[in-house]
Amino acid sequence: MNVILFVALGAFSFALFSVLSKKVKVSAINAVCIYFFGAVLYSFFSVFCFSEFKLPNLKEWGFILINGVFLNGISYLFWIKALQGLEASFAAMFIFVIPILSAFLLVLVFGEEILGVYLISLVLVIVSGVLASLKKKSKT
């Protein structure tokens, strides 16, 4: 049950990050720098409170840099820029594609089994996107 609570808190935090990013009047680069500075501070204190500090080896540093620069850094820049140019409700539809893309990348890259839930979720995401776009068109 604790894991579900952490997942829910993480989802809530990302939703809050997305909503507040739309309202921020600083550039996307500054917003991402502030976010990462806060994350580094939080990580520093949480490591000392709940774990122990250990320097990564060279191979781990490579993964950390790829994750930090490309997967998080650049993707957050794109996400904030998208939020500044689009309605949050429209941009939010794309968030639901991420778990499906992740599942299919697991299948392609790591040879994981394709589960029925992947296909069901893909259909649900596509249907919800179509319904949301139809609803938006009917309002205009």
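For the range 75-81, putting each phi into the Karplus relation 6.51 cos²θ - 1.76 cosθ + 1.60 with θ = phi - 60° gives couplings of 5, 5, 4, 4, 5, 5, 4 Hz, in residue order, rounded to whole numbers and with x for Gly and Pro. Phi angles of the range 92-97 translate, via the Karplus equation with coefficients 6.51, -1.76, 1.60 and θ = phi - 60°, into HN-Hα couplings of 5, 4, 6, 4, 5, 7 Hz per residue; Gly and Pro are given as x.
Convex hull volume of the Cα atoms in the range 56-140, per residue, in Å³? Write down the numbers at each step before the final one.
Working: hull volume 8.9 nm³, N = 85.
Convex hull volume per residue, Cα atoms: 105 Å³.
On a 0 to 90 degree scale, rounded to 10, what angle separates helix 2-23 from the longest Cα axis of the chain? On a 0 to 90 degree scale, this one is about 70.
With the Cα gyration tensor of the range 26-72 giving a ≥ b ≥ c as the square roots of its eigenvalues, does the rule (a/c under 1.5 for rounded; else a/b larger than b/c for prolate; else oblate) give rounded, prolate or oblate? List each step's numbers first, then the result.
Numbers: a/c = 3.95, a/b = 1.30, b/c = 3.04.
Oblate shape, in that a/c is at least 1.5 and b/c is the bigger or equal ratio.
Could you tell me the ratio Rg/Rh of the range 1-124? Both radii from Cα atoms, Rh via Kirkwood. Each step should come with its number before you reach the end.
Working: Rg = 17.0 Å, Rh = 17.1 Å.
For the range 1-124, the value is 1.00.
Just name one of A82, L122, N72: the one whose Cα is farthest towards the positive end of the charge dipole of the range 57-140 (beta-carbon charges, Lys/Arg +1, Asp/Glu -1). Selected residue: A82. Applying 0.36 nm per residue to the separation of E60 and V130 and subtracting their alpha-carbon distance, the gain on full extension is 21.1 nm.
Since every read-out is calculated from the coordinates, none of them should be taken as a lab result. Bear in mind that the values here come from a model prediction, so they are computed numbers and not experimental data. With ideal geometry, Cβ positions are generated from the backbone for all residues, glycine too; neighbour counts draw on all protein chains shown.
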